[in-house]
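The values are calculated or read from the model by the stated rules, or taken from the named source; none is laboratory data. These figures come from a predicted structure and were not determined experimentally. Cβ: placed from backbone, ideal geometry, glycine included. Neighbour counts: every protein chain shown. For accessibility, only protein heavy atoms count, side chains too; no ligands or nucleic acids. Shrake-Rupley method; radii C 1.70, N 1.55, O 1.52, S 1.80 Å.
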Amino acid sequence: MAMATSPHTLLLKNPNLTPLKNPNFNNPITTTNTKTRFNLTAKPVSIKCAATSQTQTPIQAPPQTQSHQDRVFNFAAGPATLPEKVLLKAQSELYNWRGSGMSVMEMSHRGKEFLSIIQKAESDLRTLLNISDDYSVLFLQGGATTQFAAIPLNLVNPNDTVDFIVTGSWSDKAFKEAQKYSKPSNIWSGKSEKYTKIPSFHDLEQNPDAKFLHICANETIHGVEYKDYPIPKNGLLVADMSSNFCSKPVDVSKFGLIYAGAQKNVGPSGVTIVIIKKDLIGNAQEITPVMLDYKIHADNNSLYNTPPCYGIYMCGLVFEDLLDQGGLVEVEKKNKKKAEILYNAIDGSNGFYRCPVEKSVRSLMNVPFTLEKSELEAEFIKEAAKENMVQLKGHRSVGGMRASIYNAMPLAGVEKLVAFMKDFQARNA
């Protein structure tokens with residue numbers, strides 16, 4: 001197998017090559033036909049201890065080393081686009097975090113540096129969502145999918161009844177996983193109508209002895225989003241908010257437990273956030289693995305084992321950025337504007353583009369749509385990619401297209417997509 005070639009390997013093969021110059025030294029590394037001689041007269045080097053100040057400052061983008069033209073508009077459903085200011089801030093701190101002499105990904109999770117990071121991330125999240133002291137905030141691993149098992153394992157006994165509203169693929173998966181650890185009841189399913197609506201809450205036939213009611217607040221694949229929330233008979237509402245977490249204000253007090261994968265709206269993949277009422281913690285089934293026991297994580301402040309440190313740091317930067325924007329009220333205004341522009345383009349296309357979701361429950365985050373001429377969909381995706389708009393292909397289970405327009409998708413990205421859609425229609429109608 002051929003070896004990779006570098007200037008050093010070329011020099012070994014042919015010592016007559018021009019001497020290599022090392023900018024750290026006065027004299028070059030010289031070579032001759034008969035021997036190699038290193039003449040290393042080093043410049044004096046002054047070594048200073050870096051400052052250890054770890055003052056948290058608002059997110060400000062460092063000077064850019066790359067142009068905007070290097071970036072695409074990424075409409076992926078997750079992992080998804082992150083705020084540019086956050087990425088540039090992380091880039092500037094990658095090598096030496098705030099004078100600590102370490103990268104965040106090198107830190108001990110029990111050191112004072114990382115403790116300051118995770119504590120501020122939690123504090124900022126509490127501020128964003130107005131989370132009271134009655135709730136624990138946990139930074140976990142395993143994705144929201146792991147919580148499909150952890151929730152029944154922690155909240156109920158094996159023979160307890162729990163209710164599920166199934167509005168799409170993710171709530172359906174949660175329902176099926178709960179069958180292993182409880183007695184779930186599917187009290188409403190939108191499957192027969194291809195998951196395009198949410199039921200009237202008045203029509204729900206909840207089980208009177210159900211220990212909780214589970215919903216998926218936003219179905220990433222089908223683009224269905226709750227605009228309000230049902231009231232469970234026993235008062236315990238559980239919600240998967242993975243794809244609309246921190247996209248708008250939420251009254252956390254209405255929920256017993258909220259969980260979300262970070263990789264849609266608040267960070268990279270690898271972090272799962274659980275917000276749970278403290279009085280629900282500590283009743284896990286005996287078979288519950290230690291890593292799924294909320295009490296273990298709550299008692300150890302999410303540091304029972306090594307957490308996803310760098311992911312939590314990135315979430316913290318995103319939380320700072322959301323606060324800098326004015327909080328979730330302002331963020332929701334921006335999200336509504338982006339969604340309105342895109343849905344108006346679809347609805348105003350005279351059927352060339354179609355969104356199957358009932359208008360009253362259309363997602364602000366995930367916009368699925370199809371073409372009247374389905375044979376053009378592959379060409380649409382191909383041409384969009386040439387215009388630096390990527391990841392528009394719909395989920396493999398439903399086809400068509402899907403534009404995920406999370407918090408970090410700028411208005412300019414949606415406007416460019418809409419302009420492209422109009423041009424594509426003009427050329428192909």
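Assorted remarks:
- A Cβ distance below 7 Å, combined with a sequence gap of six or more or placement on separate chains, defines the contacts here; from region 188-215, residues that are closer than 23 Å to residue 243 by Cα and open to solvent by 70 Å² or more (accessible area, probe 1.4 Å) reach residues that are of a type in the set (Val, Ile, Thr) and part of a strand (DSSP E or B) in the pairs 191/166.
- Residue match in region 194-215 (condition: closer than 18 Å to residue 260 by Cβ and under 24 Å from the mean Cα position of the chain (by Cα)): yes
- Residue in region 228-247 that is outside any loop (DSSP other than H, G, I, E, B), in contact with a Ser or Thr (Cβ under 9 Å, 6 or more places away or on another chain) and under 28 Å from residue 358 (Cβ atoms) present: yes
- Within region 327-372, the set of residues being part of a strand (DSSP E or B) and either of a type outside the set (D, E, K, R) or open to solvent by less than 50 Å² (accessible area, probe 1.4 Å) (or both) comprises 353, 362, 366, 367, 368, 369, 370, 371.
- Verdict on residue 427 being surrounded by fewer than 14 Cβ atoms within 10 Å (Cβ to Cβ) and part of a loop (DSSP other than H, G, I, E, B): no
- Given (1) within 22 Å of residue 123 (Cβ to Cβ); (2) free of Cβ contacts under 8 Å to residues at least 40 places away in the same chain; (3) open to solvent by less than 30 Å² (accessible area, probe 1.4 Å), index of the condition residue 300 fails: (3)
- Subset of region 383-405 [assigned to a loop (DSSP other than H, G, I, E, B) and touching a Gly at 6+ places or on another chain (Cβ under 8 Å)]: 394, 400, 405
- For region 395-417, a residue qualifies if it is over 16 Å from residue 242 (Cα atoms), among the aliphatic types (A, V, I, L, M) and either at pLDDT 95 or above or crowded, with 22+ Cβ neighbours inside 10 Å (or both), and the qualifying residues are 401, 403, 409, 411, 412, 414, 417.
- Check on residue 156, in contact with a Pro (Cβ under 9 Å, 6 or more places away or on another chain) and in contact (Cβ under 8 Å) with a residue 12 or more places away in the chain: no
- For region 283-297, the count of residues that are outside any helix (DSSP H, G or I), hydroxyl-bearing (Ser, Thr, Tyr), surrounded by 16 or more Cβ atoms within 10 Å (Cβ to Cβ) and at positive phi is zero.
- Scope region 264-274; condition buried (at least 24 other Cβ atoms within 10 Å of the Cβ) and outside any strand (DSSP E or B); matching residues: 264, 265, 266, 267, 271
- Any hit, region 258-275, residues being of a type in the set (A, V, I, L, M, F, W, C), touching a Leu at 6+ places or on another chain (Cβ under 9 Å) and more than 30 Å from residue 84 (Cβ to Cβ): no
- Residue within region 116-138 that is basic (Lys, Arg), open to solvent by 60 Å² or more (accessible area, probe 1.4 Å) and in a helix (DSSP H, G or I) present: no
- For region 216-235, the set of residues classified as buried (at least 23 other Cβ atoms within 10 Å of the Cβ), of a type in the set (A, V, I, L, M, F, W, C) and touching a helix residue (DSSP H, G or I) at 6+ places or on another chain (Cβ under 7 Å) consists of 216, 224, listed by residue number.
- Residue list for region 306-326, filter: assigned to a helix (DSSP H, G or I), closer than 18 Å to residue 272 by Cα and open to solvent by 20 Å² or more (accessible area, probe 1.4 Å): 310
- Among the residues listed as 177, 113, the single one being charged (D, E, K, R), in contact (Cβ under 8 Å) with a residue 24 or more places away in the chain, touching a Ser or Thr at 6+ places or on another chain (Cβ under 6 Å) and open to solvent by less than 60 Å² (accessible area, probe 1.4 Å): 113
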